[in-house]
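Below is one structure; the comments refer to it alone.
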Amino acid sequence: MAIAEEMNEGGRLLKGQVVKLDRGYPLVRLAQGNLVRCEHATSLVKGADLRAVVGDFVEISIPEGHDKGIIEAIEPRSRAFVRKDPTERALPQVLAANFDRVFVAQPLADVNVRRLERELVLAYETGADVTVVLTKADLAESEEHVTEVRDRVKALVGPDVRTLVVSENDPASIEAVRALVPAGATAVLIGKSGVGKSSMVNMLVGSEIQETTPVREDGKGRHTTVSREMVAVPGGGFIVDMPGVRGLGLWEADAGIGAAFSDIETLAEHCRFRDCRHADEPGCAVRAAVESGELSPERYASYQALKQETVELRDRREEARRMRGEKASDARKPSSRKPKKRKR
Ligand code: GDP
Ligand code: ZN
């Protein structure tokens, strides 16, 4: 890369990792451990429209007399959590990069299955290990209730995904979570506002590092600053809480849907047509399973809706591309997709 070479001749590029985004400015921890607030090199933003996110490995320069560093290059991401930019028509938005695990948090006493399915799709799509954490277990009516919900969620997520149960007033419950964030590992925590993510982080860290906020009925108007940050777990790795993630629009999601709905994709292998859309085609094994009661109509509807969301998004991207006068298409035909196995 031209810029990097130039910099290497004169000054020196320093390697570091973005550990926080603060009012748009990435905070970079250098290999030596010191923290530098940075801005992006114009070439990154203007050219490729690239912006560093939490977890990104970057190369920075610190021009003489400057109090801020300049991010000159962002290393390729091993993993990225991507959703559709809620403010744009058809653009992706990366929320975090280079993590090993995604925790999906849902309140045990109030699991939202439809939201959980969507969260699982996004989590699986990253290729990271996925763990479901059922929070606020103390709000359950009884031990039986806890077991019943856990079993229900386990049935939904499949045998390969761990399902943990935590409660703020049971410090021991967080240990299973801690064990999944060993030294060198980074985990990302997603879940609706108010499900107890900050409380979990505080339990992991052992102090009030994340400000918790009482939940408001409308879920809006939280006064806490929303910043994404890599928080060090004492004796372990890092956890990134993703507050303020209200919309979870799908971006690329075929692999994620395949993993989150592997039961349906397995059924679909028996559909008469390879590109069956499970709508009104004859010989559809998926609809047959709904009719026989093997597959719940809600889960089928949810699958179809998420699929449709990706189809519409692809159409819009195609259209945007056509309007820009490009021709190449990244749209994959449904028939060429192979059902993927669940990843561990
Ligand atoms: P976040 O928005 O996901 O970060 O959620 P918070 O951690 O801020 O928690 C939202 C609310 O739920 C706060 O009032 C917490 O005190 C409460 N809360 C968090 N964890 C628990 C728990 O285990 N049990 C109970 N009863 N309340 C909890
Ligand atoms: Zn079918």
_Given the criterion of a type in the set (Gly, Ala, Ser) and within 30 Å of residue 46 (Cα to Cα), identify the matching residue among 109, 97._
97
*When you look at residue 258, is it more than 8 Å from ligand 2 (Cβ to nearest atom), surrounded by 20 or more Cβ atoms within 10 Å (Cβ to Cβ) and not hydrophobic (A, V, I, L, M, F, W, C), yes or no?*
yes
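Residue by residue, here is whether (1) among the β-branched types (Val, Ile, Thr); (2) assigned to a helix (DSSP H, G or I); (3) in contact (Cβ under 8 Å) with a residue 40 or more places away in the chain holds:
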{"residue": "246", "(1), (2), (3)": "no, no, yes"}
{"residue": "250", "(1), (2), (3)": "no, no, yes"}
{"residue": "259", "(1), (2), (3)": "no, yes, yes"}
{"residue": "265", "(1), (2), (3)": "no, yes, yes"}
{"residue": "286", "(1), (2), (3)": "yes, yes, no"}
{"residue": "298", "(1), (2), (3)": "no, yes, yes"}
{"residue": "301", "(1), (2), (3)": "no, yes, no"}
{"residue": "305", "(1), (2), (3)": "no, yes, no"}
*Please state which one of 112, 34 is of a type in the set (S, T, N, Q) and in contact (Cβ under 8 Å) with a residue 24 or more places away in the chain.*
112
*asked:* I'm trying to understand the selection: among the residues of segment 1-44, which are within 11 Å of residue 73 (Cα to Cα) and at pLDDT 90 or above?
replied: 13, 14, 15, 16, 40, 41
_Inter-residue pairs, beta-carbon under 7 Å, first under 11 Å from residue 240 (Cβ atoms) and in segment 182-200, second of a type in the set (S, T, N, Q) and more than 7 Å from ligand 1 (Cβ to nearest atom), 6+ apart_ = 186/98
*Failed condition for residue 240, given (1) modelled with pLDDT of 90 or more; (2) part of a loop (DSSP other than H, G, I, E, B); (3) away from ligand 2 (no atom under 15 Å from the Cβ), with all others met?*
(2)
*Is it true that residue 83 is modelled with pLDDT of 95 or more and within 10 Å of the chain's Cα centre (by Cα)?*
no
*Of all residues in segment 50-94, count the ones that are of a type in the set (Lys, Arg), touching a residue at least 60 places away in the same chain (Cβ under 8 Å) and assigned to a loop (DSSP other than H, G, I, E, B).*
1
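Give the residue that is nearest to ligand 2 (Cβ to nearest atom), with candidates limited to residues of segment 281-301 that are among the small types (Gly, Ala, Ser) and farther than 14 Å from residue 266 by Cβ. If you could, list the steps in order and put the result at the bottom.
Filtering segment 281-301 for residues among the small types (Gly, Ala, Ser) gives 283, 285, 288-289, 292-293, 296, 301.
In the following step, the residues that additionally are farther than 14 Å from residue 266 by Cβ were identified as 283, 292-293, 296, 301.
Details: 283: 8, 292: 14, 293: 17, 296: 16, 301: 14 Å.
By that ranking, first place goes to 283.
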*asked:* Out of the residues in segment 169-204 meeting the condition of being charged (D, E, K, R) and in contact with a Leu (Cβ under 7 Å, 6 or more places away or on another chain), tell me which one is farthest from ligand 2 (Cβ to nearest atom).
replied: 178
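The values are calculated or read from the model by the stated rules, or taken from the named source; none is laboratory data. Every value quoted in this text rests on a predicted model; they were computed, and no experiment measured them. Here the Cβ is made from the backbone with ideal geometry for all residues, glycine too, and neighbour counts use every protein chain on show.
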